[in-house]
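A short write-up of the structure that comes next.
Computed from the coordinates by the stated procedures, all read-outs in this text should not be read as laboratory data. Values in this document were obtained by computation on a predicted structure and should not be read as measured data. Because the Cβ atoms are built from the backbone with ideal geometry, glycine has one as well, and the counts that use them run over all protein chains shown.
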Amino acid sequence: MLQNISEEKIRLERLESLRQQGINPYPARVEREQTTKEAKAEKEGAKTSIAGRLVSKREMGKLCFSHIKDESGSVQVAFSEKELGKEKYKFFTKNFDLGDFVAISGEMFVTHKGEITVLVKDFQLISKALLPLPEKFHGLSDVEIRYRKRYLDLLANEEAMKIAKTRSLLVREIRRYFDDKGFFEVETPELQSLYGGALAKPFVTHHNALNMDLYLRIAPELYLKRLIVGGFEKVYEIARCFRNEGIDHNHNPEFTQIEFYWAYADYNKLMDLMEDLLPTLIKKIGLPLRFTAEGQEVDFTPPYPRVTMRDLIKKHAKIDIEDFPDQKSLYKKAVALKVEGIDKNTGRGKLIDEIYKTFARPKITDPIFVIDHPVELSPLAKAKEDDPRYVERMQLLCVGGNELCNAFSELNDPLDQEARFKEQERLQKEGDEESMPYDADFVEALRHGMPPTAGLGMGIDRLVKLLVNAGNLKEVILFPTLKPEQKL
C-alpha cells in the first residue's frame, strides 16, 4: 500500500508537469483506425493507427520496446530516438508509465526475433494512469481483490476476461434461440408490491412518494403468466432476481435467470426443448458435449434420464416418503436421518426437499430430469391427473446436484391456486419465511382463464459456472455481493 502511495505521488507529479507544458493528459478525442489484432495482420511496411494501454516498457539506450494492449490483444511497439528525434523520444521515456493509454501511428515491421512490431512514427497520451497495474501486470492471485476490484482482475487475468465474454456470448445465444422459436422477450417489474413465483425470502425496500413497502422480485413468474392470460402464447424474460438468502459457492443474493412460458405445452415438451437447447448452447461456445466440470466428466449428449423425486429419495435415503403421509411423522424421520436446517415448524414439502438435498442431490453427475415433485413443494404447478399428491414439475440437475432449471406444467385452475396460496399463507403465519404470500390479483387473472401452459426458469450464472468449470459462482458474476471490506 505504501509503495502504491509513493507511486501515485510520482505519477501525480508527472501529471502536473504535463499540464504545465500545455499537454492535456485526458483529451476528449482519439484517432484509432485499427485494433492491435488487425494491425498484427497487416503486411510489413503497412501504415497503422492503434490505441490502447501501455503494459510493458523495456528501454535499451536509444530504443524502447513496449507492448500496447486493447480488448483484441496486444502488439509490440518500438519507440526509436532515431525515428522520433531526441526530444520526443525523451518525452516518452520520462513521462509515460505502465497503465497509461496511448495512441500510436506507425509502420509495421518484423524484428530480428520474428516478432510483429509497430515502428512508432508519432504518439499521444490519451489517459494518464495514476495507480500502477496489479503485480506489474503478471497476474492477480488475491481472490478478495479479484472479486472486489473486478477491473483489476480483468486487466491481469486473461481467464477472467474469457469467462466474462463467454457469459455474454451465452446470453446472446439464448436470446437468439428463443427469438427463432417465436418467443417474445418482455420485461416485468423488479419492484413489486407483492413478491411471488418461488419459495424464497425477499428483500424489502420503501417507496417514499407512495409511502409503501415494496419487494425486489424473487421471480418474474406471476407477471409472465398474466401475459399468457392476456393473449401471449410464447414469452420470455432474462431477469435479474433477488433473494434474501445465504451466500456460498452456488448462491448469490442477486442473480440472472431466463424464465419462459409456453401456452399449449406441458412439462414433457419442456424436457424435450432442454435436450435441444443445452447441446446447442454448449456447441455455440465451442465446447464438446462431454467435458470436465468440478473434477468430474459430464456428458450432455441427450436424451437425459427422467426419474421421480420419490424414487431418488427411495434409492439414496432408503425411505419411501409415502410411508410418512403427514408433517409430524416425516419430521420425526428427518430428525432420525440427521437432516439439518429443519425444525418442528418445517412443512412437509420442505422436509421432503431437505431429505432429497441431503441424500440424493449430491450423488448426481450427468444431466438428469428430477420429475413429479410432491404437491406441498410446488404451489404453482399442475397436479398429476392420476395422482394429485404430486405435480407435473421437473428440475434438470447435474454434477453434484447443481440445479440448471426448474419447470412446471403450470397450474391454471384458479380455485386450486387459491387453495394452495391459502396453505402457503398458513405456513407463513407459522414461521416459514420462504413460503409464498396470497396473491389475490393473480388469482383474479386466472379466473379470466389461462390456457394449458408450461413454464421454465434457468439460472444463467449457474450454467456459465458449469460450462467454464468455475469452482465459485463469484467467478462468473462480474460484481458479486460481498461482505463489507475490513479496514485495518
Flagged links, alpha-carbon separation over 24 Å, of 315/384; 201/315; 333/357; 284/382
201/315; 284/382
Based on Cα positions only, what radius of gyration and what Dmax would you give for the stretch 307-445, in angstroms?
15.0, 44
Label-point separation, residue 111 to residue 415 (7 Å along Cα→Cβ), nm:
8.2
Add -39500 (n - 2.57) for each DSSP H run of 4 or more in the chain, then divide by its residues: what number comes out at 222 nm, to the nearest 500 deg cm²/dmol?
-10000 deg cm²/dmol
Enumerate the calculated ³J(HN,Hα) couplings along the stretch 301-311 in order (Karplus 6.51 cos²θ - 1.76 cosθ + 1.60, θ = phi - 60°), each rounded to whole Hz, writing x wherever the residue is Gly or Pro.
5, x, x, 9, x, 10, 10, 6, 4, 4, 5
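Taking 0.36 nm per residue of separation and subtracting the Cα-Cα distance, what length does fully extending residue 12 through residue 88 add?
25.3 nm
Please state the equivalent ellipsoid semi-axes for the stretch 2-132: what are the square roots of 5 times the Cα gyration tensor eigenvalues, largest first, in whole Å? Intermediate values should be presented prior to the final figure.
Numbers: eigenvalues 122, 48, 42 Å².
Largest first, the stretch 2-132 gives 25, 16, 14 Å.
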Would you mind listing how long the stretch 310-355 runs along its three principal axes, going by Cα atoms, in whole Å with the largest first?
26, 19, 15
Dimensions of the stretch 381-488 along principal axes (Cα, Å, largest first)?
56, 33, 25
Segment residue 344-residue 386, length gained on full extension (0.36 nm per residue, minus Cα span)
12.0 nm
Going by how many other Cβ atoms sit within 10 Å of their own, how do 67, 251, 448, 373 line up, fewest first?
448, 251, 67, 373
Hull volume in cubic angstrom per residue (convex hull over the Cα atoms of the stretch 234-290)
137
Could you work out the Rg to Rh ratio of the chain, with Rh taken as the Kirkwood radius (inverse of the mean 1/r over all Cα pairs)?
1.09
Viscosity 1.306 mPa s, temperature 10 °C, Stokes-Einstein D of the stretch 116-260 from Kirkwood C-alpha radius, µm²/s:
82
Percent antiparallel among DSSP beta bridges (both partners in the chain, rounded to 5):
90
With a Förster distance of 51 angstrom and the Cβ-Cβ distance between residue 363 and residue 37, calculated FRET efficiency to the nearest 0.05 equals 0.65
Would you mind ranking 79, 101 so that the residue whose beta carbon has the fewest other beta carbons within 10 Å leads the list?
101, 79
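Report, please, the projected area of the stretch 364-438 averaged over directions, based on the convex hull of its C-alpha atoms, in nm².
5.6
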Order these peptides, 470-480, 317-327, 419-429, by their mean beta-carbon neighbour count within 10 angstrom, highest first.
470-480, 419-429, 317-327
Inter-label distance for residue 440 and residue 165, nm, one decimal - labels placed 7 Å from Cα along Cα-to-Cβ:
5.4
What do the square roots of 5 times the Cα gyration tensor eigenvalues come to for the stretch 187-240, in whole Å, largest first, as semi-axes of the equivalent ellipsoid?
23, 13, 9
